[in-house]
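Notes for the one structure printed next.
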């Protein structure tokens, strides 16, 4: 084959290459740089084309929801008794909306808990070696199962907590799916090794931070959104970080939590992994220190009351176990002057009354400017008065699912205290417009219902405005100036979440920055719960779960520093500062000159320091 000079098209005059060839080389180089820069994204895109992972067996997913036993004991006193049988304790589970018996579960002894921790420890060794690819397959399987079985899952949550199907869908299904989705799409990025920048003295070093599995972690969670969401949430985060996990659920939701944890175990088996990676502990508080004082537990996430949180944190000091505490709040919603009440009333209603007010980031105080107080009070009163308490599952016998806006509370033992707080607030000048007392269901008279309640013109210093209610009780507090509203919002011992509503976003953000809390939503409520670091300050606890920060808290953060050009330059000890030191004065001049050269302001000062360093090293 003959070649001609024109085929190569050299520029004889300049001796250069044709611009088209140069452009081609530049484009190729650019593509190579992009591939190297975004390699993880391309890998993720390729991964999405892989056939979906094996799902949980249909024979299991088709399993019917267990029906409660109507012939068993009726639950009337709000307590969950420990029934001694053969020297063992049993936990009795009831549906708080109906008082029907669900199950009686053998409580774990200390020995049982230790065995479960040991099983999790042994299973984690192989799991820690899995790739993010393997872990994503598990997360995808769980998400698909949850979406496919969302109605059954919602019913199970309703049966054990008394909430409505709508509250279960919003608080359990959507939030859990969202967290799984975030882990699938962004979890690897949060846990991948990070290259860190160096300063001048470390210019010849490469610094990386690695996020390694801790081993066995535990989660001790409460009941309000904990039978599905806050059982699954710490479990999936722990698994994605390469850990095994021991979950202790509340005694109030043993029945449903067992069912939901079984789903994760079945998913692990279906994906070819050890189901012992996840262990469920069901015990009474007096036996829980077998979990909090274990040498094998390397992190504890606790969600619950301040009193119990203190006990957990104290117990964890025995082995210096890190603890994340979420201890509740008294979240305010500040409505800035000229806020469009019609636009935001629905959000405020859901913020107060969702899950019968049993929501750690529910709105417990509404602060409104005095110019809009009467309008807001009237709007709220009309809406709250129309709320229908009740049970949203099918009624016994007739098969009809009634309409219910607000479900049952977890138990009726708090009702006298709530009534006392309401009466005390009225005595201090508050106006009770709706509710204020327990509500009796027409045919479920033993259900734990409290009528949706509204109090207006509440004294911000009253006990009801300072203590967490965890109940369907709305409090409206009026203020005169925005400065006063901020002071009222910050006046409680809590600092979990908050909301700021107003017509101008920048004004809302300015107020949000001055609130003493861990999270703020602007013209919304609770949206920070999904994929951001969740947690508070003051007596609301410390630490974060959720988002990159929460995921990384379940890892050992390890820094590794290497030589950038080890073949050419490595750390050496100059003779002037080598052991044994020959001259204190000379060595001091050397280090002083080095500090001045590296960190002093102004080049003249740096040059003088460099000369000092050279003189000291040459003596």
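Odds and ends about this structure:
- On the beta carbon distance between residue 491 and residue 527, with R0 = 30 Å, the FRET formula returns roughly 0.80.
- Contour excess over end-to-end distance, with Cα ends at residue 386 and residue 343 and 0.36 nm allotted per residue: 13.6 nm
- A Förster radius of 35 Å combined with the Cβ-Cβ distance from residue 131 to residue 513 puts the calculated FRET efficiency at roughly 0.30.
- For region 528-579, the alpha-carbon radius of gyration amounts to 2.13 times the rule-of-thumb value 2.2 N^0.38 Å expected for a compact globular protein.
- Taking all Cα pairs closer than 8 Å and separated by 6 or more residues, the relative contact order of region 477-619 comes to 14 percent.
- What the Cα convex hull of region 479-568 gives, in volume per residue, is 153 Å³.
- Separation of the residue 467 and residue 432 label points, Cα + 7 Å toward Cβ, nm: 1.6
- Treating each Cα of region 452-609 as one equal point scatterer and applying the Debye formula with no solvent, the log10 of I(q)/I(0) at q = 0.16 Å⁻¹ comes out as -1.00.
- Mean separation of Cα contacts under 8 Å, 6 or more apart, over the residue count of region 332-529: relative contact order %: 28
- Ratio of Rg to Rh for region 572-618: 1.01 [Cα atoms; Kirkwood radius as inverse mean 1/r over pairs].
- For the listed peptides 533-539, 589-595, 554-560, a ranking on the average number of other beta carbons within 10 Å per residue, highest first, reads 533-539, 589-595, 554-560.
- Contact order, relative form, for region 572-618: 39 percent (alpha carbon pairs under 8 Å, 6 or more residues apart, mean separation divided by residue count).
- Stokes-Einstein D in µm²/s, Kirkwood radius over Cα pairs - region 531-615 at 25 °C with 0.890 mPa s viscosity: 140
- Summary of packing: across the peptides 571-577, 441-447, the per-residue average of other C-beta atoms within 10 Å ranks them, highest first, as 441-447, 571-577.
- The base-10 log of I(q)/I(0) for region 392-529, evaluated at q = 0.12, 0.15, 0.19 Å⁻¹, reads -0.62, -0.88, -1.16 [Debye formula, identical scatterers on Cα atoms, solvent excluded].
- Spherically averaged projected area of the convex hull of Cα atoms, region 309-380: 6.5 nm².
- Given R0 = 45 Å, the distance between the Cβ atoms of residue 114 and residue 446 translates into a calculated FRET efficiency of 0.75.
- In nm, spacing of pseudo-spin labels at residue 320 and residue 200 (7 Å Cα→C-beta vector): 3.6
- Here each label is just a point 7 Å from Cα along the line to Cβ, and for residue 595 and residue 310 those points are 4.5 nm apart.
Throughout, read-outs are computed from the coordinates displayed, never taken from laboratory work. The structure presented is a predicted model; accordingly, all values stated were derived computationally and were not measured. Heads up, the Cβs are rebuilt from the backbone with ideal geometry, glycines too, and the neighbour counts pull from every protein chain shown.
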